[in-house]
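Below is one structure; the comments refer to it alone.
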Number of protein chains: 2
Amino acid sequence: MNTQHVILGILHNQPSSGYEIKQYFEQYFSFFFDASFGTIYPTLAKMEKSGLLTKESVKQEGKPDKNVYSLTPEGAAQFHAYLMSPLEAEVFRSDFLMRLYFGELADEDTVTGWISSQLKRKEMLYAELQRQMEEFGERISPAQRLCLQVGLVQYEATIQLLKEQLVRPE
Amino acid sequence: MNTQHVILGILHNQPSSGYEIKQYFEQYFSFFFDASFGTIYPTLAKMEKSGLLTKESVKQEGKPDKNVYSLTPEGAAQFHAYLMSPLEAEVFRSDFLMRLYFGELADEDTVTGWISSQLKRKEMLYAELQRQMEEFGERISPAQRLCLQVGLVQYEATIQLLKEQLVRPE
DNA sequence: TCAGGCATGTAAGGAGTTACATGATTTA
DNA sequence: TAAATCATGTAACTCCTTACATGCCTGA
């Protein structure tokens, strides 16, 4: 799974510009994927060149023009091929856990600082997912709901554990 | 946090060869970090060149020679500088969640297949963490124990949710 | 008039993977 | 003698990020 696959998926739902694709990432699945403009724009250009997308310039009122991309039949086929390909392993890399692992080498206050800032982050992400579940929970597909739930239960479990740890460290 | 920092941490505990460092990754924190030989060996060479490590060739009985690396004072200083630097955000990229998100575009059996293979993976990782907790739980530091616990509670929560989903999909 | 949002792009570089290449020793 | 484990390394490539560059429009 790479940026190209995600772009295919988004454009399968509706034609969009690079800017809109980035907003989509941030709104709907920032918790398990992200990509910068420095990836998105070159990827779109490459995909158009290889025939997966078509570009159309669209004029807007009170805003700059935008390039709206749509899937070609080849683009749609490529996306379905991705969905049929073997599931890839998740990538998880945690600076927080690495520091905990080597925590003996730092003083206690430093370790507590890591735990409380990690807790704060998780709480913010959790609140954002809850907001999304309240806002979209009724309208989205069962699979999309499960997607949100996976995030929610993971954050819940982590938040609870980290809170306990701060109350009675040991 | 990158491979260099992790190598510094491991060598802080004990001098090791590249091969041993890789084994260490796999045994103790494969669930939140990994790196291939193609990263480890060039990184070790670079670190030696820049004065963070010293290399010593060690002969072994019934095995090829190995290059054992040790931290220099500059290496130790660099590691402590890393521990004092701001905590970085976790990186999480999930092919599984991405597919769920676009799940309407695949048929129901395919989605069920993703869920059950994801469940199987998580169960294996969970079993491995449990084994580690039983084997090392008494001997490791509180911070290292917390590290394992974070993995355990996240996997537990996810496994439970995915199981429910397979029993009564909706 | 200036900050902020909208919009697109490029260039340089960092970090990592996979595949290849080599070769010793041990065990079945 | 073949497979598995131990051990080190390189080369090509992929993918991505950051920083830079540009410019329009809106609202305070």
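The values are calculated or read from the model by the stated rules, or taken from the named source; none is laboratory data. Just so you know, these numbers come straight off a predicted model, no measurement behind them. Quick reminder, even Gly has a Cβ in these numbers, built from the backbone with ideal geometry, and neighbours come from all protein chains shown. To get the accessible areas, we keep the full protein, side chains included, count just its heavy atoms, and leave off ligands, DNA and RNA. Shrake-Rupley method; radii C 1.70, N 1.55, O 1.52, S 1.80 Å.
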(request) Could you grab me the full set of residues in segment A:89-110 that are under 29 Å from B:R121 (Cα atoms) and loosely packed, with under 15 Cβ neighbours inside 10 Å? (result) A:A89, A:V91
(message) Against the definition (open to solvent by 70 Å² or more (accessible area, probe 1.4 Å), farther than 21 Å from B:W114 by Cβ and either modelled with pLDDT of 95 or more or touching a Phe, Trp or Tyr at 6+ places or on another chain (Cβ under 9 Å) (or both)), how does A:P64 come out, yes or no?
(response) no
(request) Output the number of the condition that B:R99 fails; it satisfies all remaining conditions of (1) at positive phi; (2) in contact with a helix residue (DSSP H, G or I) (Cβ under 7 Å, 6 or more places away or on another chain); (3) within 16 Å of DNA strand D (Cβ to nearest atom). (result) (1)
(request) Answer yes or no as to whether A:T3 is of a type in the set (V, I, T), within 14 Å of chain B (Cβ to nearest Cβ) and open to solvent by 10 Å² or more (accessible area, probe 1.4 Å). (result) yes
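Before we move on, is A:G113 open to solvent by less than 60 Å² (accessible area, probe 1.4 Å) and touching a helix residue (DSSP H, G or I) at 6+ places or on another chain (Cβ under 7 Å)?
Details: open to solvent by less than 60 Å² (accessible area, probe 1.4 Å): yes; touching a helix residue (DSSP H, G or I) at 6+ places or on another chain (Cβ under 7 Å): no.
For A:G113, the condition - open to solvent by less than 60 Å² (accessible area, probe 1.4 Å) and touching a helix residue (DSSP H, G or I) at 6+ places or on another chain (Cβ under 7 Å) - is not met.
So if I check each of A:L44, A:L11, which one is under 21 Å from A:A81 (Cβ atoms), of a type in the set (A, V, I, L, M) and touching a Gly at 6+ places or on another chain (Cβ under 6 Å)?
Values: A:L11 fails: touching a Gly at 6+ places or on another chain (Cβ under 6 Å).
None of the other options fit; the residue is A:L44.
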(request) Would you please name the residue that is farthest from DNA strand D (Cβ to nearest atom), looking only at residues in segment B:11-35 that are within 9 Å of chain A (Cβ to nearest Cβ) and within 20 Å of B:L129 (Cα to Cα)? (result) B:F31
(request) From (1) open to solvent by less than 40 Å² (accessible area, probe 1.4 Å); (2) basic (K, R); (3) within 9 Å of chain B (Cβ to nearest Cβ), pick out the condition that doesn't hold for A:R121. (result) (1)
(message) Looking at A:L129 and the list (1) within 10 Å of chain B (Cβ to nearest Cβ); (2) surrounded by 14 or more Cβ atoms within 10 Å (Cβ to Cβ), which single condition is not satisfied?
(response) (1)
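Is segment B:41-48 home to any residue that is of a type in the set (K, R) and away from DNA strand C (no atom under 14 Å from the Cβ)?
If we filter segment B:41-48 for residues that are of a type in the set (K, R), which is where we start, we get B:46.
This time we only want the ones that are away from DNA strand C (no atom under 14 Å from the Cβ), so: none.
Checked segment B:41-48: no residue is of a type in the set (K, R) and away from DNA strand C (no atom under 14 Å from the Cβ).
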